[in-house]
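S.K.: The structure under discussion is supplied below as structure tokens; questions concerning it will follow.
The values are calculated or read from the model by the stated rules, or taken from the named source; none is laboratory data. This one's a predicted model, so the numbers in the text were calculated from it and none came from an experiment. Here Cβ is always computed from backbone atoms with ideal geometry, including for glycine, and neighbour counts include all displayed protein chains.
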2 protein chains.
Amino acid sequence: MIRPAELIERKRDGGELAPEELNELMLAYARDEVPDYQLAALCMAIYFRGLNSAETYALTEAMIATGDTVDLHSALGRKVVDKHSTGGVGDKTSIAVGPIVAACGVPFAKMSGRGLGHTGGTLDKLESIPGFRVELSTDEFVAQVRDAGMAIIGASANLVPADKKLYALRDVTATVDNYSLIAASIMSKKIAGGADAIVIDAKVGDGAFMKSLDDARALAEAMLDLGARARREVVCLLTDMDQPLGSAVGNALEIREAIATVKGEGPADFLELVLAACSRLLAVSDLGIDEYEGRARAMQAIADGSAFTAYERWIDGQGGDPAEDALPSAPVVRELLSERSGYVSALGAVAVGQAALHLGAGRRTKDDLIDHAVGVLCLRKRGDRVAAGEPLAEIHAATDAAADEAAQELAAAFTIADEPPPQRPVVLDVLS
Amino acid sequence: MIRPAELIERKRDGGELAPEELNELMLAYARDEVPDYQLAALCMAIYFRGLNSAETYALTEAMIATGDTVDLHSALGRKVVDKHSTGGVGDKTSIAVGPIVAACGVPFAKMSGRGLGHTGGTLDKLESIPGFRVELSTDEFVAQVRDAGMAIIGASANLVPADKKLYALRDVTATVDNYSLIAASIMSKKIAGGADAIVIDAKVGDGAFMKSLDDARALAEAMLDLGARARREVVCLLTDMDQPLGSAVGNALEIREAIATVKGEGPADFLELVLAACSRLLAVSDLGIDEYEGRARAMQAIADGSAFTAYERWIDGQGGDPAEDALPSAPVVRELLSERSGYVSALGAVAVGQAALHLGAGRRTKDDLIDHAVGVLCLRKRGDRVAAGEPLAEIHAATDAAADEAAQELAAAFTIADEPPPQRPVVLDVLS
């Protein structure tokens with residue numbers, strides 16, 4: 001039997017933890033046989049000492065072993081692809097990517113999470129759609145992917161339960177920010193969720209966990225390594241999160257933007273990221289094509305309407321109403337006007353996310369209710385020219401008072417300068 | 001209201017915690033309003049980042065504020081001295097030092113603890129004495145010091161309760177070994193216990209927390225700094241714990257050795273440490289003498305029998321029987337003979353402590369019962385010459401089987417070489 005204090009001390013002193021030790025520890029932790037305080041001390045020791053590649057993989061496997069796994073490959077008889085984002089402001093990428101990939105004939109299956117703080121969760125966004133069911137049984141999940149070509153559902157309570165427990169603990173003990181622990185947390189769920197190939201969108205910048213490209217690269221390397229050890233194909237996109245993605249921040253607003261994008265009418269930066277993700281997903285699928293061909297097919301699916309048809313089939317299959325006018329609208333819509341002329345040199349992702357959060361689009365604590373109708377449309381983004389009196393953003397609020405407050409916060413999120421800022425692409429790097 | 005996760009993060013990133021933050025944190029922790037897991041993460045962050053001098057003092061004060069304090073100075077109308085040891089094998093120093101200091105006319109008041117693992121606690125040793133009461137009320141404590149000149153009692157449950165809780169947590173989260181946390185733990189109890197001047201015996205070596213002289217010096221500096229900030233006179237002796245102190249290891253055996261030492265018949269290394277401690281205690285007392293005069297008076301008290309009289313008065317005052325033959329004896333006494341001739345070049349303190357522990361002299365877990373009669377007498381110490389077949393040690397055991405086991409462990413504790421080892425004094429350094 002392991003002695004947790006001994007493992008903590010060894011890691012504290014820079015030593016290595018063996019796979020069987022991590023396995024026993026995680027099983028005991030999931031069964032409440034090892035207390036939170038020992039895991040908290042261990043996570044802080046890991047924060048300072050790190051985990052090597054073998055330890056990170058052992059932790060990932062150990063966490064997976066605490067719960068159920070899904071074998072989509074066997075159930076569907078072919079290769080299944082998945083996409084994951086490390087989380088950002090205005091990130092509705094999966095909601096546009098899934099239908100495009102499905103329209104190209106590749107099964108897309110994703111288990112997703114809810115949002116907390118200034119980044120929204122995909123499930124919360126999908127719940128803007130009247131009737132949409134995020135909780136499917138494993139059988140329903142498999143049937144939906146088979147029949148509608150795609151599914152996005154909430155992870156079952158017993159998918160990597162040790163990760164759920166550990167993540168909640170790390171959140172309140174300042175031990176979230178460690179590449180190995182983040183990589184193990186993400187990859188344990190992706191591997192347990194059963195996809196054969198995974199495209200990961202690792203966000204970089206002000207609004208993301210990873211503030212610098214170097215940090216994001218280190219995280220990506222850790223995830224690629226875990227993928228290789230678990231024999232899953234993994235591609236990592238490192239993408240910009242210094243400003244919100246696309247225009248819309250807020251649940252129903254983001255669904256509208258995803259629909260527009262599937263129809264070819266989305267904002268340029270968001271479309272670029274969607275195409276980058278789709279091209280890589282198709283390239284790792286069983287279609288046997290490369291990313292250039294993947295990009296061409298994705299653009300074709302948008303252009304010929306098959307992507308939107310796939311969207312409708314997906315939403316309908318999960319019980320939702322795919323019509324855009326079924327989505328809720330906010331009673332108060334107000335423009336934020338620019339006080340001066342110039343170029344938007346910065347648009348703080350966190351500040352916009354916080355403004356949306358305060359409008360009611362997100363949760364401050366786990367028990368908060370979400371107002372799906374509210375949010376922000378960023379009408380100008382970094383590099384855009386604006387004249388004094390022209391709108392910078394559109395605020396969708398529940399009340400005038402909430403709109404007033406959001407206007408103040410949003411005004412501070414925009415920096416207007418005389419010269420345009422240096423260009424920064426949305427996709428900063430791709431690792432595989 | 002403080003947010004503990006924010007304090008953890010700040011410390012993790014090398015920042016500083018403010019006195020009022022530490023104060024609020026410790027009060028909330030003592031009231032169970034902040035969970036153990038957050039303190040565990042904080043202690044591990046402190047392990048890596050350290051606490052500066054101001055933070056260490058603030059933590060000490062914050063812990064004191066969670067419980068009661070004793071003002072001996074006001075109660076007795078004069079300066080009171082105390083002595084503390086960081087803990088070692090065979091450390092019965094206070095039991096000999098107290099009566100000698102009291103015989104010299106200086107009030108000696110000490111709150112002490114119980115032992116866990118390979119080091120014994122002073123209270124456990126004193127409980128070898130039939131009838132001896134370690135639990136006195138504060139009024140009884142003050143009366144005993146006034147009437148008998150000295151008292152050694154168990155700390156009340158409400159003396160620095162935050163330290164009790166935090167120490168138990170650190171013990172199981174590998175966060176004990178940090179100078180600042182150790183210094184704050186020791187000094188919070190000494191300051192709350194009410195002594196004006198404190199002599200600290202910081203053990204160095206194999207059998208101690210501090211393995212090197214540099215480590216012990218760092219701990220001593222931290223305690224001197226806390227003493228200065230709290231306006232208490234503190235002297236730190238750095239003393240050898242590479243081998244057990246004196247000959248006796250085990251509760252009643254150690255009481256016998258303390259009595260012998262008070263009568264001038266103790267082992268040389270132990271007597272040397274006792275005189276070093278007494279001379280400093282008398283020098284920081286209100287007698288207005290220096291340590292050389294202090295040493296002379298201590299030797300005089302031993303020689304003229306007044307120290308033993310003070311011992312009898314003390315034990316009697318706390319309800320115990322001071323007669324040596326009232327102490328329990330073990331049924332099995334066996335000699336460990338040397339297999340070869342030579343010099344004892346090393347005598348492992350931990351190994352001897354473990355042998356005594358396994359004989360039943362100590363506790364492996366908090367709930368173990370102690371056999372006060374059992375233990376080990378080290379008849380040869382480092383540097384001593386021994387011929388093949390001569391005794392190295394005497395084992396006092398409850399059963400033959402236990403004696404067999406201890407003999408094996410003890411044999412491994414002795415290293416015999418052809419040449420004598422370099423001399424190493426018991427008092428390595430003195431800091432004040």
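S.K.: Got at least one residue in the stretch A:105-114 being at pLDDT below 95, part of a loop (DSSP other than H, G, I, E, B) and within 14 Å of another protein chain (Cβ to nearest Cβ)?
M.R.: Looking through the stretch A:105-114, none of the residues is at pLDDT below 95, part of a loop (DSSP other than H, G, I, E, B) and within 14 Å of another protein chain (Cβ to nearest Cβ).
S.K.: Residue check: is A:Asp242 surrounded by 23 or more Cβ atoms within 10 Å (Cβ to Cβ) and within 16 Å of the chain's Cα centre (by Cα)?
M.R.: No.
S.K.: Among the residues of the stretch A:148-166, write down those that are more than 20 Å from A:Lys83 (Cβ to Cβ) and either more than 14 Å from chain B (Cβ to nearest Cβ) or within 18 Å of the chain's Cα centre (by Cα) (or both).
M.R.: A:Ala157, A:Asn158, A:Pro161, A:Ala162, A:Lys164
S.K.: Could you grab me the full set of residues in the stretch A:378-394 that are touching a Gly at 6+ places or on another chain (Cβ under 8 Å) and either buried (at least 16 other Cβ atoms within 10 Å of the Cβ) or in contact (Cβ under 8 Å) with a residue 60 or more places away in the chain (or both)?
M.R.: Those that are touching a Gly at 6+ places or on another chain (Cβ under 8 Å) and either buried (at least 16 other Cβ atoms within 10 Å of the Cβ) or in contact (Cβ under 8 Å) with a residue 60 or more places away in the chain (or both): A:Cys378, A:Val386.
S.K.: Out of the residues in the stretch A:175-220 that are without any contact (Cβ under 8 Å) to a residue 40 or more places away in the chain and part of a loop (DSSP other than H, G, I, E, B), state the one that is surrounded by the most Cβ atoms within 10 Å (Cβ to Cβ).
M.R.: A:Val176
S.K.: What's the number of the condition B:Gly67 fails, among (1) touching a helix residue (DSSP H, G or I) at 6+ places or on another chain (Cβ under 6 Å); (2) small (Gly, Ala, Ser); (3) within 11 Å of chain A (Cβ to nearest Cβ)?
M.R.: The single condition B:Gly67 does not satisfy is (3).
S.K.: Right, next: For a quick check of your reading: which helices (runs of 4 or more DSSP H) sit entirely within the stretch A:1-63 and have at least 2 residues that are in contact (Cβ under 8 Å) with a residue 60 or more places away in the chain and within 9 Å of chain B (Cβ to nearest Cβ)?
M.R.: Output list reads A:36-49.
S.K.: What do you reckon, is B:Ala41 within 27 Å of the chain's Cα centre (by Cα) and either at pLDDT 95 or above or surrounded by fewer than 18 Cβ atoms within 10 Å (Cβ to Cβ) (or both)?
M.R.: So B:Ala41 fails the test.
S.K.: For the stretch B:160-170, check the following and say yes or no: at least one residue is in contact with a Gly (Cβ under 6 Å, 6 or more places away or on another chain), in contact (Cβ under 8 Å) with a residue 12 or more places away in the chain and under 27 Å from B:Lys203 (Cα atoms).
M.R.: Yes, the stretch B:160-170 has at least one match.
S.K.: What is the residue count in the stretch A:363-377 for residues that are free of Cβ contacts under 8 Å to residues at least 24 places away in the same chain and acidic (Asp, Glu)?
M.R.: Qualifying residue count, the stretch A:363-377: 2.
S.K.: Restricting attention to the stretch B:119-138, which residues are among the acidic types (Asp, Glu) and closer than 20 Å to B:Ala330 by Cα?
M.R.: B:Asp124, B:Glu127
S.K.: For the stretch B:418-429, which residues satisfy the criterion of being part of a strand (DSSP E or B) and buried (at least 16 other Cβ atoms within 10 Å of the Cβ)?
M.R.: B:Val427, B:Leu428
S.K.: Just a yes or no: is a residue in the stretch B:147-164 crowded, with 24+ Cβ neighbours inside 10 Å, of a type outside the set (A, V, I, L, M) and farther than 23 Å from B:Cys278 by Cα?
M.R.: For the stretch B:147-164, residues crowded, with 24+ Cβ neighbours inside 10 Å, of a type outside the set (A, V, I, L, M) and farther than 23 Å from B:Cys278 by Cα: present.
S.K.: Suppose the filter is on the phi < 0 side of the Ramachandran plot, surrounded by fewer than 24 Cβ atoms within 10 Å (Cβ to Cβ) and within 14 Å of another protein chain (Cβ to nearest Cβ); does A:Leu169 pass it?
M.R.: yes
S.K.: A further question follows. Limited to the stretch B:382-412, what total is found for residues that are of a type in the set (S, T, N, Q) and part of a loop (DSSP other than H, G, I, E, B)?
M.R.: Going through the stretch B:382-412 one residue at a time, the tally reaches 1.
S.K.: Using the structure shown, decide if A:Gly375 is closer than 23 Å to A:Ala258 by Cβ and either touching a strand residue (DSSP E or B) at 6+ places or on another chain (Cβ under 7 Å) or modelled with pLDDT of 95 or more (or both).
M.R.: When the stated conditions are applied, A:Gly375 passes them.
S.K.: Which of the residues spanning the stretch B:340-369 are touching a Gly at 6+ places or on another chain (Cβ under 7 Å), in a loop (DSSP other than H, G, I, E, B) and either closer than 18 Å to B:Ser247 by Cα or modelled with pLDDT of 95 or more (or both)?
M.R.: Result: B:Gly362, single match.
S.K.: Report whether or not A:Gly98 is within 14 Å of another protein chain (Cβ to nearest Cβ) and either surrounded by 20 or more Cβ atoms within 10 Å (Cβ to Cβ) or in a loop (DSSP other than H, G, I, E, B) (or both).
M.R.: no
S.K.: Filter the stretch B:395-411 down to the residues that are surrounded by 13 or more Cβ atoms within 10 Å (Cβ to Cβ) and either touching a residue at least 60 places away in the same chain (Cβ under 8 Å) or of a type in the set (Ser, Thr, Tyr) (or both) and list them by number.
M.R.: B:Ile395, B:His396, B:Ala397, B:Ala398, B:Thr399, B:Ala402, B:Ala403, B:Ala407, B:Leu410, B:Ala411
S.K.: Only one of (1) surrounded by fewer than 21 Cβ atoms within 10 Å (Cβ to Cβ); (2) in a helix (DSSP H, G or I); (3) in contact with a strand residue (DSSP E or B) (Cβ under 9 Å, 6 or more places away or on another chain) is not met by A:Thr415, so which one is it?
M.R.: Only one criterion is unmet by A:Thr415, namely (2).
S.K.: For A:Gly360, are the conditions met, namely being touching a helix residue (DSSP H, G or I) at 6+ places or on another chain (Cβ under 9 Å) and either free of Cβ contacts under 8 Å to residues at least 24 places away in the same chain or within 30 Å of A:Asp139 (Cα to Cα) (or both)?
M.R.: no
S.K.: Quick test for you: out of A:Val274, A:Val262, A:Val249, pick the one residue that is under 19 Å from the mean Cα position of the chain (by Cα) and more than 17 Å from A:Ala102 (Cβ to Cβ).
M.R.: Just a single option satisfies the conditions, and that option is A:Val249.
S.K.: Then there's this: Given the structure, is B:Ser94 out of contact with any Ser or Thr (no Cβ under 7 Å at 6 or more places or on another chain), within 25 Å of B:Val376 (Cα to Cα) and polar (S, T, N, Q)?
M.R.: No.
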